[in-house]
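Colleague: To start, I am sharing the structure in question, which I have written as structure tokens.
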Amino acid sequence: MGGCARAAALVLLASAIGAPAREGIEVPPPSVASSLVSADQVEHAAAQQYAQLLSQAAAKHALAPPGHPQLVRLRAIADRIVPHTYEWNPRARDWQWEVNLIGSNQINAFCMPGGKIAFFTGILEKLKLTDDEVAMVMGHEMTHALREHARAQMGKDTATRGAIEIGSALLGLGNLSRAALGYGGQLLSLRFGREDETEADLIGLELGARAGYDPHAAVTLWQKMASASSGGSTPEFLSTHPARETRIRDIEANIPKVEGLYARAEKPAKRYPPAGGND
């Protein structure tokens, strides 16, 4: 059963038992593969890798200082979105969320397990993202962490190593701990599947809408991404993403589900200029 069909089945089931249908995006439960790896271990590995990345960026004078206008902007947007993440993952309430800006021409952004977020200046400057578009990128990347897509991928990889290793790990003999820590250097390069990316698009849409950012910006965001890749070179942000043929159509089909949330949401009191504007 496809993702849309499963979502529809959940809504029908809720109606059948008298439970009110949830307003917003409906998605299937998270992958059971994530249960094969400890969330604590994955988040610890991510925190280590994130700290190393920031240290390397600082050594190259590429880490934006706290007062950088675009970093202030990113953190303000994140502050509005984060409170809406808790419904999607209770652990998010206890995460030490971080947002940083790295000087690089790459069109890229990510959120590692545990809420470790980084944007590269290239995605802001080359695409001239509005606040609403930044929120859509951020919500998309947050979703990967909230839905534990990296942890699930690691669980799938662990499963292929055989029942003996899995059994030993579940008995506390340490195999999964070593595996999780060993993945630290790979968390930034994990490739998510099409279902994960679609889920990130749609939940990100809702997160942004609840935080007061226009969900229609998701369409203009991906239009800008398409333009950026039309010259023959694929932006880093898209290198691990599926083909975009149906992406905008899927987003447009789901915008009506979050328009009411956006209409009732408190809108940002301050708007920030795009990078390269009046910084």
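Every read-out reported here was derived from the displayed coordinates using simple, explicitly stated rules and does not represent laboratory data. In this text the structure is predicted, and so the values were computed from the model without any measurement. Because the Cβ atoms are built from the backbone with ideal geometry, glycine has one as well, and the counts that use them run over all protein chains shown.
Colleague: Please figure out what share of the DSSP beta bridges in region 85-151 is antiparallel and state it in percent, rounded to the nearest 5.
Modeller: If we restrict to bridges inside region 85-151, about 45 percent are antiparallel.
Colleague: Would you please give the residues with an amide H less than 5 Å from that of residue 100, counting only those at least 5 places away or on a separate chain, with H modeled from the backbone geometry?
Modeller: Distant-sequence amide H within range of residue 100: 117, 118, 119.
Colleague: In µm²/s, what is D for region 19-158 at 4 °C and 1.567 mPa s, where D = kT/(6 pi eta Rh) by Stokes-Einstein and Rh is the Kirkwood radius from Cα pairs?
Modeller: 81
Colleague: Where does each of 94-102, 36-44, 258-266, 134-142 land if you order them by average Cβ count within 10 Å, highest first?
Modeller: 134-142, 36-44, 94-102, 258-266
Colleague: While we're on this one: What ranking do 105-118, 62-75, 205-218 get when scored by the average of other Cβ atoms within 10 Å per residue, highest first?
Modeller: Highest to lowest by the protection proxy: 205-218, 105-118, 62-75.
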